[in-house]
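K.L.:
Shown below is the structure under consideration.
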Amino acid sequence: MKSFFYRYAQFFMGFGFGLVLAGGLMLAGSAKDTPPSRAEIEALARSYGMVYKDEVLVLGGTGGNTPPPVEPQEPVEQEPQPIRVYIPWGTTSEEIAVILAQEKVIRDPEVFSERVRARGVSTKLRAGYYDFTPDLTVDEIIDLLLIPGKEASQ
């Protein structure tokens, strides 16, 4: 009776040869990789905001005649002021479009009326006082008009 290794000798020879070949290919492939040059390392470090110690300028320290740096002032952004519009009771969607165009809430009353008809809410727009900001879309304006506005007694 033949032993186990003798019976599968061809398999073990192929397996061993494959391991040796794979190791050789790995060594050959890794020989092509070269470490990055000093210039490449510096460029990568500078892209991350790193500098050499002697390149750092000490602010507020003693010595030197340099005036303190002037910090740039950020422009103060004012929030857009809301536009208060009153929609009277019984106003049609076309009349609402004209009112919104007169108050400069929308640019084109036809676009507003068309969008109201497309959404099927022409009879659901509510009366009252509404505050609109200039950056609202037509759909956002329509959504606001579907919610009851502040009472007309204001």
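The values are calculated or read from the model by the stated rules, or taken from the named source; none is laboratory data. Bear in mind that the values here come from a model prediction, so they are computed numbers and not experimental data. Heads up, the Cβs are rebuilt from the backbone with ideal geometry, glycines too, and the neighbour counts pull from every protein chain shown. Surface areas here come from the heavy atoms of the whole protein model, side chains and all, with no ligands, DNA or RNA. Shrake-Rupley method; radii C 1.70, N 1.55, O 1.52, S 1.80 Å.
K.L.:
Conditions: (1) open to solvent by 90 Å² or more (accessible area, probe 1.4 Å); (2) modelled with pLDDT under 75. Met26 meets all but one. Number of the miss?
P.N.:
(2)
K.L.:
Same structure, new question: Taking Phe11 as the residue in question, decide whether it is open to solvent by 80 Å² or more (accessible area, probe 1.4 Å), modelled with pLDDT of 85 or more and out of contact with any helix residue (DSSP H, G or I) (no Cβ under 9 Å at 6 or more places or on another chain).
P.N.:
Values: open to solvent by 80 Å² or more (accessible area, probe 1.4 Å): yes; modelled with pLDDT of 85 or more: yes; out of contact with any helix residue (DSSP H, G or I) (no Cβ under 9 Å at 6 or more places or on another chain): yes.
So Phe11 passes the test.
K.L.:
Could I ask something else about it? Evaluate the stretch 47-58: report whether one residue or more is farther than 30 Å from Ile142 by Cβ, at pLDDT 80 or above and open to solvent by 100 Å² or more (accessible area, probe 1.4 Å).
P.N.:
Looking for residues that are farther than 30 Å from Ile142 by Cβ, at pLDDT 80 or above and open to solvent by 100 Å² or more (accessible area, probe 1.4 Å), one finds at least one in the stretch 47-58, hence yes.
K.L.:
If you go through the stretch 71-114, how many residues are more than 31 Å from the chain's Cα centre (by Cα) and either among the aromatic types (Phe, Trp, Tyr) or modelled with pLDDT under 85 (or both)?
P.N.:
From the stretch 71-114, those more than 31 Å from the chain's Cα centre (by Cα) are 84-103, 109-110, 113-114; that's our starting set.
Filter once more, keeping what is either among the aromatic types (Phe, Trp, Tyr) or modelled with pLDDT under 85 (or both): 86, 89.
Going through the stretch 71-114 one residue at a time, the tally reaches 2.
K.L.:
Does the stretch 125-142 contain any residue that is modelled with pLDDT of 90 or more, assigned to a strand (DSSP E or B), surrounded by 12 or more Cβ atoms within 10 Å (Cβ to Cβ) and on the phi > 0 side of the Ramachandran plot?
P.N.:
Yes.
Residues are listed down the side, and each one gets a yes or a no for (1) without any contact (Cβ under 8 Å) to a residue 40 or more places away in the chain; (2) over 19 Å from Gln81 (Cα atoms):
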residue: Glu94; (1), (2): yes, yes
residue: Ile106; (1), (2): yes, no
residue: Glu110; (1), (2): yes, yes
residue: Arg119; (1), (2): yes, yes
residue: Arg126; (1), (2): yes, yes
residue: Asp131; (1), (2): no, no
residue: Leu136; (1), (2): yes, no
residue: Ile141; (1), (2): no, no
residue: Lys150; (1), (2): yes, no
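K.L.:
Could you list, in sequence order, all residues of the stretch 113-124 that are assigned to a loop (DSSP other than H, G, I, E, B) and among the hydroxyl-bearing types (Ser, Thr, Tyr)? Can you show your working first?
P.N.:
Of all residues in the stretch 113-124, those assigned to a loop (DSSP other than H, G, I, E, B) come to 120-124.
Within the stretch 113-124, Ser122, Thr123 qualify.
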